[in-house]
1. Any residue in the stretch 1-14 that is within 16 Å of the chain's Cα centre (by Cα) and either outside the structural domain of Glu252 (by TED's automatic domain parsing) or of a type in the set (A, V, I, L, M) (or both)?
2. Restricting attention to the stretch 218-237, and to residues there that are among the hydroxyl-bearing types (Ser, Thr, Tyr) and either over 27 Å from Arg35 (Cβ atoms) or not assigned by TED's automatic domain parsing to the domain that holds Leu32 (or both), which single residue is surrounded by the fewest Cβ atoms within 10 Å (Cβ to Cβ)?
3. Which residues, taken from the stretch 87-116, are assigned to a helix (DSSP H, G or I) and within 17 Å of Leu167 (Cα to Cα)?
4. If we only count helices (runs of 4 or more DSSP H) wholly inside the stretch 138-235, which ones have 3 or more residues that are of a type in the set (Lys, Arg)?
5. Restricting to the stretch 263-272, name every residue that is under 14 Å from the mean Cα position of the chain (by Cα) and among the charged types (D, E, K, R).
6. Scan Ala323, Ala300, Ala312 and give me the residue that is at pLDDT 90 or above and surrounded by 15 or more Cβ atoms within 10 Å (Cβ to Cβ).
7. Can you pull out every residue in the stretch 213-240 that is closer than 26 Å to His159 by Cβ and touching a Phe, Trp or Tyr at 6+ places or on another chain (Cβ under 6 Å)?
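The values are calculated or read from the model by the stated rules, or taken from the named source; none is laboratory data. The structure presented is a predicted model; accordingly, all values stated were derived computationally and were not measured. Backbone-built Cβ (ideal geometry, glycine too); neighbour counts: all protein chains shown.
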Amino acid sequence: MNNRLASFIPRYTITSKLLETIKKISAHIAVLNTRRFPKIVLAEFERHAREVSSYSSTSIEGNPLPLTEVRKILKNLPLNVTDSQKEVLNYNQVIVKLNEAIAKNKNPAFNISLILDIHKTVVQGLLTKGSCGALRNEPVFVNEPRLRKTVYWPPDQQHVPILLNELTGFVKNNRARLDPIVLSGIFHKQFVIIHPFIDGNGRTARLATKLLLAGVGLNTFNLFSFENYYNRNITRYFQSVGAYGNYYDIAETLDFTSWLEYFAEGILDELYRISKELDKAVVDPSTELKDYHKKMLKYAEDKGIIYDRDYAKLTDRAKPTRALDFKKMIELGYIERLGKGKATYYKPKKRE
């Protein structure tokens, strides 16, 4: 067997630039994980993240729908849809599934079966049934629209299963060894280089990468949309993640270093964006906590429980107003109501 197919050992260097970016990412995540946000804010941000991801990732591949239209589609879920609308709906569907999987397990199983399942949903209704969730059985070429010529020849179809198995094996063997940023970045680029499907490679790569990135430990990962960074400069993304020439001529000399630096920059950029947006949201009048709300919450967290009579001693607010305060804190996800009538009491909700 050609030694270029024998095993996958990526070439890369942990440069000072890459290391510094990873340190900043870790520090930023640590800060975000100590913060507590209203439930209503998190729900709104998750919805927005899915909209932005679905828009950005399909836009990268040439989908003409603007973000405003994507939002309408995801909100109304039309029955009769165009291919462009179907692309968006499919992408959003996978994100919902991945968010659920990540919520149950920060490091869910990652294998070829999962990748095929992602691809099947991504291209459902867009490719023939036999091509959905199936590795390609024919050659493909990557063209450069501006140059109007082929710039990359991926590996032959008979080698795709071998290469994909090597890649998923690498991920499995290094998931507990490599930094999640490095591992996710390596997977992303190598997957694009293998180009295992007739169509839908980029969308599948970004969705599978999203699952691996959950390993960074961000509690609010479902608010994250790293695809947004790529869509802001599609040319740079394609130049960074892609390859040029014939796979068999370049496989042994491919270096992932510059891509990993760019990949990490995108993660950090998105973390900065999320933080700024969350800061704006938590000072919104509908979600902002007043001093009396904070006193209520502190008492509940210190004692593990709070009754209306306890809250009455903490503030001079009238009984009807106290009831509204409790209602707001419940809606924002800070506390939960238990008991009935005079026996009603409240407990702080556990952070997820």
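1. So far as the stretch 1-14 goes, no, none of its residues is within 16 Å of the chain's Cα centre (by Cα) and either outside the structural domain of Glu252 (by TED's automatic domain parsing) or of a type in the set (A, V, I, L, M) (or both).
2. First pass over the stretch 218-237, keeping only residues among the hydroxyl-bearing types (Ser, Thr, Tyr): 220, 225, 229-230, 235, 237.
Filter once more, keeping what is either over 27 Å from Arg35 (Cβ atoms) or not assigned by TED's automatic domain parsing to the domain that holds Leu32 (or both): 235, 237.
On the way: Thr235: 8, Tyr237: 20.
Filtering first and then ranking leaves Thr235.
3. Ile112, Ser113, Leu114, Ile115, Leu116
4. So the answer is 201-213.
5. Across the stretch 263-272, the qualifying residues are Asp269, Glu270.
6. Details: Ala323 fails: surrounded by 15 or more Cβ atoms within 10 Å (Cβ to Cβ); Ala312 fails: surrounded by 15 or more Cβ atoms within 10 Å (Cβ to Cβ).
Only one candidate passes the filter, namely Ala300.
7. Tyr237, Ser240 - these are the residues of the stretch 213-240 that are closer than 26 Å to His159 by Cβ and touching a Phe, Trp or Tyr at 6+ places or on another chain (Cβ under 6 Å).
A quick yes/no check of all residues on (1) more than 23 Å from Glu331 (Cβ to Cβ); (2) part of a helix (DSSP H, G or I):
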{"residue": "Leu32", "(1), (2)": "no, yes"}
{"residue": "Leu42", "(1), (2)": "no, yes"}
{"residue": "Phe45", "(1), (2)": "no, yes"}
{"residue": "His48", "(1), (2)": "no, yes"}
{"residue": "Ser53", "(1), (2)": "yes, yes"}
{"residue": "Ser59", "(1), (2)": "yes, yes"}
{"residue": "Leu65", "(1), (2)": "yes, no"}
{"residue": "Lys72", "(1), (2)": "yes, yes"}
{"residue": "Gln85", "(1), (2)": "yes, yes"}
